[in-house]
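Taking it in order: structure first as structure tokens, then the write-up.
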Protein chains: 2
Amino acid sequence: MSPPEVAAPAARERLVLERIAARRARPALFRDARIGLAHGAGGKASRDLVEGLFLPAFDSEALRQLDDAGRVHVDGLRLALSTDTFVVRPLQFPGGSIGTLAVHGTLNDLAVTGARPLALTASFVLEEGLEAAVLETEVSTMAAAARAAGVELVAGDTKVVERGRADGMYVCTTGLGRVDRRAHTSPRRLEPGDRILLTGPLGRHGIAVLLARGEFELDAEVASDTRPLWPAVDALLEAAGGRLHAARDATRGGLGSVLNELATASGVGIVVRERDLPADPVVAGACEILGIDPLYVANEGQLAAFVAPDRADAALAALRAIPGFSEAADVGEVVAGPPGLVQMDTAFGGRRVVDLLVGDPLPRIC
Amino acid sequence: MSPPEVAAPAARERLVLERIAARRARPALFRDARIGLAHGAGGKASRDLVEGLFLPAFDSEALRQLDDAGRVHVDGLRLALSTDTFVVRPLQFPGGSIGTLAVHGTLNDLAVTGARPLALTASFVLEEGLEAAVLETEVSTMAAAARAAGVELVAGDTKVVERGRADGMYVCTTGLGRVDRRAHTSPRRLEPGDRILLTGPLGRHGIAVLLARGEFELDAEVASDTRPLWPAVDALLEAAGGRLHAARDATRGGLGSVLNELATASGVGIVVRERDLPADPVVAGACEILGIDPLYVANEGQLAAFVAPDRADAALAALRAIPGFSEAADVGEVVAGPPGLVQMDTAFGGRRVVDLLVGDPLPRIC
């Protein structure tokens, strides 16, 4: 009889993974005495704040879904509401600005819940002393981005705070959308066998903003990928209909955070293949030099879609046919377990756990 | 023949008033080089910013209505969206806090457009270092206020900015509402003869916040009047139906600003009777000592309603029958002109122009 503590290597590994998964399944607790930057970073501290403080207090069915937009049903009409405040620093960066993010970000949160936008609101916090020309530029940018997305701004608000009580400007946008009749997505609908489609290379937005701060002497040209994602969702719905189980834009916290959230919400495991992730060589180089994992870097124009295997090839072909989405790729699959655990088959042949982000490597990225 | 420049006193006065009205009717221009506190105060600078910059850029029919909430029509359903960011300083004050304002303020903007709330969203900007206990208190307060108003929070967002880049916390709330079938209000529906009903005494909120800052050595106890206004709107609609021409909560900029906005939007004149304005003696005393006109002080639980004369008495009786609204009063009327001009019959027997607020006597009041 072999002693019980000596397990075979494969069994031992399974035990470790199951222990990690069990730890993950515990309810989130918020026990910090003060708010820190990590609470806004989209990783573990954000999850503890949202699930440990906001959810128990507000306790609504829509919030419990942990979707990117809250559902509101009125007279059989399926509506969705999404809200986000943008505090990106600097206000302008290659490829975009706070104004483009404020429109794309909120409309994309509607899009990934399958909702076409009906209306948008914008609420500004302006710092005393902000140059009027900067505000004018951002307002024009927002108006153009909204027009391009076919949505009107229907309500707004402006507050001004004293010098030093904001950082130029913050913008909160809220989008009202109507869930498309073809859409039946939910963060809880992931099923073993689902294929994971990613629309393009990771990390462009986060690295573009980081380099625009000029804190690193890195001579790389990277532009944010900020863009509307409705065309991608529309194509996925057309190709896969109800077989599109979930979609999520990989913003703050990056793809790593998104996969963790959905694996936990659906009680499934996820395996991603590193070699299949579309890569931008400049971003990859910058990440390596800066010691940042691109899996956790924010994107503003990429989504991950979870499609049942019988429609995955058609969905991928539909995605690639959209201008700007030719780099879309099948990057992994949903597995039965351990529930909540995300793993990556690395380019070197090993397999590693993709954990929730701890801390905030890139504050104020959106 | 008398020389043309010598007019009779009454005619001369009319000329002056008409000149003021004509100046008001000019399109607003935004020509400032930098944002100042006055741009957020709800007076003349705010109007120039909104009508001179935001409206031309966003150019939507809903925004052009200049209503407190934007209308969105979907499949015959009349929806309304309202958004506001709250930056009040200090976060807590007698009678309320940023949390109560964030819920009441946005729901009241829906209410005065005749809309019952369907859903609420909240987006937080937190300053690094904020005490978790403060956040917990405000979140509980918001949850309780939303529950009391019968509405659920369906979506949220949290951003954290570095120390010194905010002031504790800012909250943006957006409300989605459904316009009541009885409601046909608009800032453009004021008609000569309409009576003006006010729900209660002016200035409690603004003075409560001002005193809570402790900058004045004034030993007065004043509590904010923050409260939901839907019960008042419901009673007005029941009593007056479509004869309720408009309603507006007298928040930032006070009753003086509201009357100016509506007189301009409807192209009518307004005359208010100072002696009929319900007054809080402590607030009146504080205003006198501080040299502030209560007409421009913010309220968070008072509205002005414009009711056709045949339903005005019934509407006033209905208002007074609601608990907490017994001080409601008939305070003035809509007159043919000069268009856009608000005048007040003073307690001393004279008549003066109630102009748009210039500058910001009370920054960050909501």
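The values are calculated or read from the model by the stated rules, or taken from the named source; none is laboratory data. Note that this is a predicted model, so its numbers are computed, not measured. As a convention, Cβ positions derive from the backbone with ideal geometry for all residues, glycine included, and neighbour counts pool all protein chains shown. Heavy atoms of the whole protein, side chains included, go into the accessibility calculation; ligands, DNA and RNA do not. Shrake-Rupley method; radii C 1.70, N 1.55, O 1.52, S 1.80 Å.
Miscellaneous remarks
- Shown here for segment A:198-254: trypsin sites (Lys or Arg not before Pro) in loop regions (DSSP other than H, G, I, E, B) with at most 16 other Cβ atoms within 10 Å, namely A:Arg213.
- Projected-area average for chain A over all orientations - Cα convex hull basis, square nanometres: 20.9
- Nearest-first distances (nm) between copies at A:Leu29, label 7 Å from Cα via Cβ: 6.4
- The 1.4 Å probe gives accessible areas that order B:Lys159, A:Lys44, largest first, as A:Lys44, B:Lys159.
- Residues of segment B:13-39 whose accessible area (probe 1.4 Å, heavy atoms of protein chains only) drops by at least 20 Å² once all protein chains are present, relative to their chain alone: B:Phe30, B:Ala33, B:Arg34, B:Ile35, B:Leu37.
- A cut-off of 5 Å between modelled amide H atoms, ignoring neighbours fewer than 5 places along the same chain, links A:Val74 with A:Leu79.
- Of A:Leu211, A:Leu303, A:Leu316, the one that fluctuates the most in a GNM where chain A has Cα springs shorter than 10 Å: A:Leu211
- Beta bridges by DSSP in chain A, antiparallel share as percent, to the nearest 5: 80
- Per-residue 3J(HN,Hα) values for segment A:151-167, derived from phi via the Karplus relation 6.51 cos²θ - 1.76 cosθ + 1.60 with θ = phi - 60°, read 10, 9, 7, 10, 7, x, 7, 9, 10, 10, 10, 4, 3, x, 9, 7, 10 Hz in sequence order (x marks Gly and Pro).
- Look at the stretch A:67-79: the mean tally of other chain Cβ atoms within 10 Å of its residues' Cβ atoms is 4.
- Two-site label geometry, A:Ala33 and B:Ala144: point separation in nm, points 7 Å out along Cα→Cβ: 2.6
- Calculated label separations, A:Thr346, copies of the chain, 7 Å along the beta-carbon direction, nm: 8.1
- Label point 7 Å beyond Cα of B:Ala336 along Cβ direction - residues of segment B:244-277 with amide nitrogen under 12 Å: B:269
- Bridge type composition, segment B:234-366 - antiparallel percent by DSSP, nearest 5: 75
- Of the three principal axes defined by the Cα atoms of segment A:215-257, the extents in descending order read 48, 21, 11 Å.
- Here's how it looks for A:Leu303: its modeled amide H is under 5 Å from those of A:Thr199, A:Gly200, A:Ala250, which are all 5 or more places away or on a different chain.
- Per-pair calculated FRET efficiency, R0 = 22 Å: A:Arg181 and A:His73 via Cβ, rounded to 0.05: 0.95
- Rolling a 1.4 Å probe over the protein heavy atoms gives segment B:195-353 an accessible area of 36 Å² per residue.
- Taking the C-alpha atoms only, the angle from helix A:98-111 to the longest principal axis of chain A is near 50 degrees.
- Mean-square fluctuations from a GNM of chain B, with a 10 angstrom spring cutoff on Cα atoms, peak among B:Phe216, B:Phe54, B:Phe86 at B:Phe216.
- Sequence-distant contacts, meaning Cα pairs under 8 Å at least 6 residues apart, place the relative contact order of chain A at 23 percent.
- Computed from backbone phi, the HN-Hα couplings of segment A:318-328 come to 5, 4, 5, 7, 7, x, x, 10, 5, 8, 3 Hz, rounded to whole numbers (Karplus: 6.51 cos²θ - 1.76 cosθ + 1.60, θ = phi - 60°; Gly and Pro given as x).
- When both bridge partners sit in segment B:69-179, DSSP labels roughly 75% of those beta bridges antiparallel.
- Using a Förster distance of 60 Å, the FRET efficiency for B:Asp355-A:Ile289 (Cβ separation, nearest 0.05): 0.50
- Kirkwood Rh in Å, taken over segment A:69-179 so that all alpha-carbon pairs contribute: 14.3
- Within the assembled protein chains, the solvent-accessible surface assigned to B:Glu191 is about 90 Å², based on a 1.4 Å probe.
- Environment charge at B:Leu130 (Cβ cut-off 14 Å; Lys +1, Arg +1, Asp -1, Glu -1): -2
- Accessible heavy-atom area order of B:Asp75, A:Asp234, highest first, probe of 1.4 Å: B:Asp75, A:Asp234
- Distances between equivalent label points of A:Leu15 across the copies, with each point positioned 7 Å along Cα→Cβ, amount to 10.1 nm, shortest listed first.
- The residues neighbouring A:Arg31, those whose beta-carbon lies less than 12 Å from its own, together hold a net charge of -2 under the Lys/Arg +1, Asp/Glu -1 convention.
- With protein chains left intact and a 1.4 Å probe, residues in segment B:69-179 average 26 Å² of accessible area per residue.
- In Å², nearest 10: area of A:Arg78 left accessible to a 1.4 Å probe: 60
- Backbone N within segment A:198-221 under 19 Å of label point (7 Å from A:Ala317 Cα along the Cβ vector): A:198-199
- The residues neighbouring A:Pro228, those whose beta-carbon lies less than 13 Å from its own, together hold a net charge of -2 under the Lys/Arg +1, Asp/Glu -1 convention.
- FRET efficiency, B:Ala133 to A:Ala25 (Cβ-Cβ, R0 25 Å, nearest 0.05): 0.35
- Across segment A:81-87, computed HN-Hα scalar couplings (Karplus, 6.51 cos²θ - 1.76 cosθ + 1.60, θ = phi - 60°) run 10, 9, 9, 7, 9, 10, 10 Hz from first to last residue, x flagging Gly and Pro.
- Against chain B, whose longest principal axis comes from its Cα atoms, helix B:281-290 is set at around 80 degrees.
- Peptide B:176-189 is shielded by partner chain Cβ atoms: per residue, an average of 1 of them sit within 10 Å of its Cβ.
- Solvent-accessible area buried by A and B, counting both chains, probe 1.4 angstrom, square angstrom: 6600
- Put simply, the amide H of A:Gln343, placed in the peptide plane, has neighbours under 5 Å in A:Ile270, A:Val271, A:Val272, A:Val354, leaving out anything fewer than 5 places away on its chain.
- Extents of segment A:195-353, largest first, come to 47, 35, 25 Å (Cα atoms, principal axes, whole angstrom).
- Accessible-area composition of chain B, carbon plus sulfur, in percent [1.4 Å probe]: 52
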